1. With +1 on each Lys and Arg Cβ and -1 on each Asp and Glu Cβ, and nothing else charged, work out how big the dipole of the stretch 56-178 is about its Cα centre, in Debye to the nearest 20.
2. With the cut-off at 19 Å, tell me which of the pairs Lys120/Lys163; Lys102/Lys177; Lys120/Lys174; Lys8/Lys174; Lys106/Lys128; Lys133/Lys156 have Cα atoms farther apart than that.
3. Calculate the tail of P(r) for the stretch 88-173: the fraction of all Cα-Cα distances greater than 19 Å, expressed in %.
4. With the calculation restricted to Cα positions, what are the radius of gyration and Dmax of the chain in angstrom?
5. Need one number: nm distance between label points at Lys120 and Asp57, each 7 Å from Cα along Cα→Cβ, rounded to one decimal.
6. Suppose R0 equals 22 Å; then what is the FRET efficiency for Thr99 and Ile166 from their Cβ-Cβ distance, rounded to the nearest 0.05?
7. If we sort 115-122, 165-172 on the protection proxy, mean other Cβ atoms within 10 Å, highest first, what's the order?
8. Give the distance, in whole Å, between the Cα centre of the stretch 108-157 and the Cα centre of the stretch 1-63.
Amino acid sequence: MLQSILRKKLSDEQMANVFINGLLEVIENTFPLVAEMINDDTAFVESPNLQSTDNSDFALIVFAANLNLLESTFEPHHAHEIEVQVITKLAAMNKMPMTALKLKIKEYQSFISKINHPSKNLVYGISKSIFSKYGLHNFQDEYFRRLAAPNPLFLKRLDEVSKLFIWDWDAFFKKYKL
């Protein structure tokens, strides 16, 4: 009871800052580990040699996926307002026009949806998107390379990692209120 009273109240702008900073921190701090895990995975006959600094596609996938979740957490109008705040701030941080970033994120959201079809499991969509955007099929054994499909054992391991990049709204609302 006392904890719900002591929660800090945030505006949409402050919430966007927390959201952006939290995701960026996780991406920057963990992508080198994700790249290492992928490079060392036994599903590949040759290491993909992902660079620990090559996280731009990864960041776009994570942001696009998490922005997709806004409408399942907030009312549609409120979700849209938060998305605008997030995209505006990200565009300013990356010194790019807001419309260009919005288009890029929509492109990644569409890509995640398309590559994940017919599944609606967002974690699976993130994993398949990482697999595709980084061209990992080229490093698999010939059977999976010809299929241009991920080895299911590798995909399962990547799913476990991808779960960590979904924003935890329950934990957020225990600490903050809007």
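Taken together, the values in this text are just the output of simple stated rules run on the coordinates, not laboratory data. Just so it is clear, the model here is predicted, and its values are computed rather than measured. Note: ideal-geometry Cβ built from the backbone for every residue, glycine included; neighbour counts use all protein chains shown.
1. 160
2. Lys102/Lys177; Lys120/Lys174
3. That fraction is 52 percent.
4. 17.5, 59
5. Going from the Lys120 label point to the Asp57 one covers 2.8 nm.
6. After rounding to 0.05, the efficiency reads 0.25.
7. Sorting 115-122, 165-172 by mean packing, highest first, produces 165-172, 115-122.
8. The stretch 108-157 and the stretch 1-63 have Cα centres spaced 19 Å from each other.
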